[in-house]
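These notes concern the structure reproduced below.
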Amino acid sequence: MAVTIKEIAKKAGVSIATVSRYLNQNGYVGIDSALKIKEAIKKLGYKPKNVISAKTELNLIEINFSQINNPFYSELYEYLATILQDKGYDCILHFAFCI
């Protein structure tokens, strides 16, 4: 019997909607949830029916900056994001405020 997204959601501890967004690459899925879903898919042996529309790879890079108001950082992020997108990666911009 085929593995369902309901089973994946239960195994990963996330909602069915989150699994659907992950599989269809449509909408936001947090990195923690994405990693749990990826692991559940692997353990359950999920095989998508429509291989073309179901992308299960997570190509995500987090870029950390302490500030973005400096033009150097915003230009650097734009440059990095463009290069990484050309190579099939998505970027997350994260601010690590130092006090």
**Report entry** Long-range amide H partners of Leu60 with built H, under 5 Å
**Finding:** Asp90
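Not counting the cut sites, what is the longest span of the chain without trypsin sites (Lys or Arg not before Pro) that DSSP labels loop and that have at most 14 other Cβ atoms within 10 Å? Don't jump to the answer; show the numbers that get you there.
On the way: sites that count: Lys49, Lys55, Lys87.
In short, 1-48.
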Report task. Two decimals is fine: what's Rg over Rh for segment 1-48, C-alpha atoms, Kirkwood radius as Rh? Result -> 0.92
Query raised in the report: Could you give the nm distance between label points at Leu60 and Gln25, where each point is 7 Å from its Cα heading toward the beta carbon?
Result: 1.4
Query - Percent carbon-and-sulfur accessible area, the chain, ignoring ligands, DNA and RNA, probe 1.4 Å - result: 55
Query - Degrees between helix 31-44 axis and first principal axis of the chain (Cα, 0 to 90, nearest 10) - result: 30
Query - FRET E, pair Tyr89, Gln67, Förster distance 25 Å, beta-carbon r, rounded to 0.05 - result: 0.60
Report summary line: So the pair-distance distribution of the chain, from every Cα-Cα distance in 5 Å bins, comes to percents of 2, 12, 20, 18, 14, 12, 10, 7, 4, 1, 0, 0
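The values are calculated or read from the model by the stated rules, or taken from the named source; none is laboratory data. Since this is a predicted model, take the numbers as computed values, not measurements. With ideal geometry, Cβ positions are generated from the backbone for all residues, glycine too; neighbour counts draw on all protein chains shown. Ligands, DNA and RNA are stripped out before the accessible areas are found, and what is left, the full protein with its side chains, is counted by its heavy atoms. Shrake-Rupley method; radii C 1.70, N 1.55, O 1.52, S 1.80 Å.
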